[in-house]
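Quick note: the coordinates plus some simple rules give every number you see, no bench work behind them. Bear in mind that the values here come from a model prediction, so they are computed numbers and not experimental data. Don't worry about glycine lacking a Cβ; one is built from the backbone with ideal geometry, like all the others, and counts go over all protein chains shown.
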Amino acid sequence: MPEVKLVNVTKRYGRIIANDHINLTIKDGEYVSVIGPSGCGKTTLIKSIAGIIKPDEGEIYIDGRLVNDLPIEERGVGYVFQNIALFPHMTVWDNVVYGPKVRCLPPEETRALALEMLEMIKLSARSDAYPSELSGGTQQKTAVARALISRARLLLLDEPLGALDVKVRTELRYELRRLVKDLKLTALHVTHDQEEAMSISDRVVVMRKGRIVEAGSPIDLYLRPKNIFTANFVGEANFLRGIVVQINGENSVIEIRGGLKLVAESKGWKVGDPVVVAFRPEFASIEMKEHLNRLSGKIVDVLYSGSIIRIIIELDNGDRVVVKKALRFEEPQFKTGEKITINIPPQNILVYPYPKEGLERALALE
């Protein structure tokens, strides 16, 4: 199981810096996903590790070996593309054994490897089928098998599920993680799908404008993101401008627009500090269980998304926030124009210093 280490990896395309001094270590056996807005440098990063792109600066180590000048075929990696790259005139079996045949492995060894791999991905019964006869998910599983048959210990996944429909994508993401863990591989998975990254990764890396903004476990990035951009990009959050007006031990009292006050479990601030208050829509409660942090307003829209209701509220001070609730049959429907009061527990409020570049630019995806 190789460890991957990137030291100050930089790649430029003219004036555009696709990767800007990237420092990252992926541990043995770790499943790491990279997310970020389009054009942030995710694919450049993974292609640099694979050897498809050569960085302008920095070093890339795989299992302690400097690989900057090493050709792709000598890096010991398996690469799975977004566009399902199978030979259309070959069966599943022939696609899978193509690599070992090109490398002139003995037929007996090639056959044994292929049987083992097809059994592992549960495609033994479809080995004689052509790609056109397979579903998108089965085609991509074939592509994964072809990448792994070379006994690669590092699996690079570049938007591998992006071309599949939602249900197939959801099922296959867990298959990928199972394969990686069963085979004791190290995996780097680039994706636009945050839910995909959060549900299968040991660690998630957030990128923006060619740089790593933050890296951590899925739960840490969701519950306690250190960076305001991460709070906005990962999941959904409400942001309110404010100023610290009081410190009570480890709690801060923050005044937002209109004289409304919120208490947050956040320390290290001084009275007068300009801040941004953030909270997740699902952490705001309509059931009044606490006396702190009540905000009143009126409902301006109600959106139903499967089992979740998104309630858009205009607060009495003019700010708008979103609250999410699980849909329940026994509850009355929320109506546009209805007055409503919400509560945000202090432990669910995040506080960030007000960005020098302004809130809008700090949260912008580009």
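Structure notes:
- By average C-beta atoms within 10 angstrom, highest first, the peptides 347-359, 311-323: 311-323, 347-359
- Sum of side-chain charges, S307 neighbourhood, beta-carbon under 11 Å (Lys, Arg +1; Asp, Glu -1): +3
- For the range 156-309, the fraction of alpha-carbon pairs in successive 5 Å shells from zero, as %: 1, 7, 13, 15, 16, 14, 11, 8, 7, 5, 1, 0
- Per-peptide average of other Cβ atoms within 10 Å, ordering 160-169, 199-208 highest first: 199-208, 160-169
- FRET efficiency, 1/(1 + (r/R0)^6) with R0 56 Å, evaluated for E108 and L365 via beta carbons: 0.60
- Angle of helix 92-102 to the longest C-alpha principal axis of the chain, folded into 0 to 90 degrees and rounded to 10: 70°.
- Among (1) 1.02; (2) 1.19; (3) 1.06, the entry derived from the coordinates for Cα Rg over 2.2 N^0.38 Å: (2)
- Over 26 Å (Cα to Cα) - which of K47/K209; K11/K184; K141/K324; K27/K324; K5/K122 fall in this group: K11/K184; K141/K324; K27/K324; K5/K122
- DSSP finds beta bridges in the chain, and of those with both partners inside it, around 80 percent are antiparallel.
- Relative contact order, whole percent, for the chain stands at 15, derived from Cα pairs under 8 Å and 6 or more residues apart.
- Summed residue charge, Cβ within 13 Å of V206's Cβ, Lys/Arg positive, Asp/Glu negative: +4
- Degrees separating the helix 136-148 axis from the principal Cα axis of the chain, which is the longest one: 60
- Approximate spin-label separation E250-K184, in nm, with each point projected 7 Å along Cα-to-Cβ: 4.1
- Here the spin labels are modelled as points 7 Å beyond Cα on the Cα-Cβ line, and at L223 and M90 they lie 4.7 nm apart.
- Between helix 166-182 and the chain there is an angle of about 60 degrees, using the helix long axis and the longest principal axis of the Cα atoms.
- Of T44, T25, T142, the one that fluctuates the most in a GNM where the chain has Cα springs shorter than 10 Å: T25
- Total formal charge among the other residues, if their Cβ is under 15 angstrom from that of V351, Lys/Arg +1 and Asp/Glu -1: +3
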